[in-house]
Amino acid sequence: MKDTKIDTLQTAIVKRVGSSATIVTDSHTSYQNLSYYFDKHETVNHLQDEWTKGEYHTNTIEGFFSQLKRGIYGIYHQVSPKHLHRYCQEFSYRYNTRKIKEVERFNHSLTICNKRLKYKDLIRKTV
């Protein structure tokens, strides 16, 4: 995302999420009025020490972003916008398979590899 302004975030969310989805966010002002676009929008207000609201929370996504940021800062150090989606996919896979053994994850990743990224395509300049 180029920024976290209301128009930027809400446009991206509305474009990618079905209107019948339940949206759960923190109380950031850019998420205000999402209930206009979605059947249900729940807000957890961290500023008031609210971490859950019944069954709703943002802990899962915060855990994912924590691992993504640690991976970028601690392993890769920086990423280009051109390849950011690949890093996000890698860490999404790691997070979603976090409860299985490493050998199971490795074997599973081999079974889903169906595309080759050639080095010349990796370094090609985008227009």
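Values quoted throughout were computed directly from the atomic coordinates according to the rules given, and no laboratory measurement underlies them. For clarity, every value in this text was computed on a predicted model and none was experimentally measured. Glycine also receives a Cβ, built like all others from the backbone with ideal geometry; neighbour counts cover every protein chain displayed.
Points worth noting:
- Förster radius 25 Å - calculated FRET efficiency between Lys120 and Lys82 (Cβ-Cβ, nearest 0.05): 0.95
- In this structure, the amide hydrogen of Glu42, modeled 1.01 Å from its nitrogen in the peptide plane, lies closer than 5 angstrom to those of Ile23, Val24, Thr25, counting only residues at least 5 positions away or on a different chain.
- Each Lys and Arg adds +1 at its Cβ and each Asp and Glu adds -1 at its Cβ; summed about the Cα centre, the chain shows a dipole of about 1100 debye.
- Counting every other Cβ atom within 10 Å of each residue's Cβ, Cys113, Cys88 order from fewest to most as Cys113, Cys88.
- Helical runs (DSSP H, four residues minimum) scored at -39500 (n - 2.57) apiece and divided by the length of the chain put the mean residue ellipticity at 222 nm at -12500 deg cm²/dmol.
- Lysine pair count for the chain with Cα-Cα distance under 23 Å and sequence separation of 8 or more or different chains is 19.
- Projected label distance in nm at Tyr93 and His108, using a 7 Å step from Cα toward the beta-carbon: 1.1
- FRET efficiency for the pair Thr52 and Ala21, taken as 1/(1 + (r/R0)^6) with r the Cβ-Cβ distance and R0 = 25 Å, rounds to 0.85.
- Cα gyration tensor category, rounded, prolate or oblate, for segment 6-57 with a/c compared to 1.5: oblate
- Coil-residue trypsin sites (Lys or Arg not before Pro) of segment 1-55, DSSP, other Cβ within 10 Å capped at 15: Lys2, Lys5
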